[in-house]
Amino acid sequence: MLQTFVHSILQTQSFYRQIIHRKIREHNIDVTFEMLHIMRRLNIAAKVNQQELANLTYKDKSSLSYLIKNMEKRGLVKREEDPTDKRSKLVLLTKKGEELHDEIRIIIENVYSEIEKNINKEHIQKCIDYMKEFTETIKDN
């Protein structure tokens, strides 16, 4: 039964990613879902070092480094020296990255609004509560 449960979670995540990616492409925006995740975290946190960003996005440092390098080439993020630790670099959105994030945020809010029309909010809250409990149960295994 647990395998079926996890499969359902992964399937839901996959459908969600497909919807978001399709809507972003409809607006001729060329970013991956992973880049979007980075942009969202940087929009919330403003400036963070790569290790913190890896923790926030649940990514290993090498794949995050690749993503950041790709986003730098597109002018979406930049790295600057951490004034408190010269060995560390802080990652932040550029003006272009902030503007693109704002544009994408509106698209995603519209997707959520459309989906919410067909969903029982009490069921969603129960799912959220259970997922928190489930996460706590499995995270230390």
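Can you give the extra length, in nm with one decimal, that the chain gains between ASP129 and ASP82 once fully stretched, where that is 0.36 nm per residue apart less the Cα-Cα distance? Numbers along the way, then the final one.
Details: separation 47, 0.36 × 47 = 16.92 nm, distance 3.76 nm.
Roughly 13.2 nm would be gained on extension.
Can you sort ILE20, ILE115 by how many other beta carbons sit within 10 Å, fewest first? Show your work: numbers first, answer last.
Numbers: ILE20 17, ILE115 12.
Taking fewest neighbouring Cβ atoms as first place, the list is ILE115, ILE20.
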Suppose the chain between VAL111 and LYS89 were pulled fully straight at 0.36 nm per residue; how much longer would it get relative to their current alpha carbon spacing?
4.5 nm
How large is the helix-only mean residue ellipticity at 222 nm for the chain, computed as the sum of -39500 (n - 2.57) over DSSP H runs with n ≥ 4, divided by its residue count, in deg cm²/dmol to the nearest 500?
-23500 deg cm²/dmol
In the list (i) 54; (ii) 61; (iii) 50, the entry giving percent of Cα pairs over 19 Å apart computed from the coordinates is (ii)
Per-peptide average of other Cβ atoms within 10 Å, ordering 76-89, 5-18 highest first
76-89, 5-18
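With a/c under 1.5 counting as rounded, go ahead and sort the range 58-141 into rounded, prolate or oblate using the C-alpha gyration tensor (a ≥ b ≥ c being the square roots of the eigenvalues; past the cut-off, prolate if a/b is larger than b/c, else oblate). Each step should come with its number before you reach the end.
Values: a/c = 3.15, a/b = 1.48, b/c = 2.13.
Oblate is the answer for the range 58-141, as a/c is 1.5 or above yet b/c matches or exceeds a/b.
Does the range 1-57 come out rounded, prolate or oblate, given a ≥ b ≥ c as the square roots of the eigenvalues of its C-alpha gyration tensor, rounded meaning a/c under 1.5 and, failing that, prolate meaning a/b above b/c?
Judged from the Cα gyration tensor, the range 1-57 comes out oblate (a/c at least 1.5, b/c at or above a/b).
Taking the Cα centre as origin and putting +1 on Lys and Arg beta-carbons and -1 on Asp and Glu beta-carbons, what dipole magnitude results for the range 1-108, to the nearest 20 debye?
Details: 20 positive and 14 negative charges, 35 e Å.
With Lys and Arg at +1 and Asp and Glu at -1, about 160 debye.
Quote the relative contact order of the chain in percent (integer), defining contacts as alpha-carbon pairs under 8 Å separated by 6+ residues.
On the way: 91 pairs, mean separation 29.2, N = 141.
Over the chain, the number comes to 21 percent.
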Charge dipole of the chain built from unit charges on the beta carbon (Lys, Arg +1; Asp, Glu -1), centred at mean Cα; most positive-end Cα among VAL91, TYR130, SER113 is VAL91
For the range 34-141, which chymotrypsin sites (Phe, Trp or Tyr not before Pro) are in a loop by DSSP, counting at most 16 other Cβ atoms within 10 Å?
TYR58
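Coordinate-derived values only; no laboratory data. Computed from a prediction, not measured in an experiment: that's the story for all the values here. Using ideal geometry, Cβ is built from the backbone for each residue, glycine included, and neighbour counts are taken over all protein chains shown.
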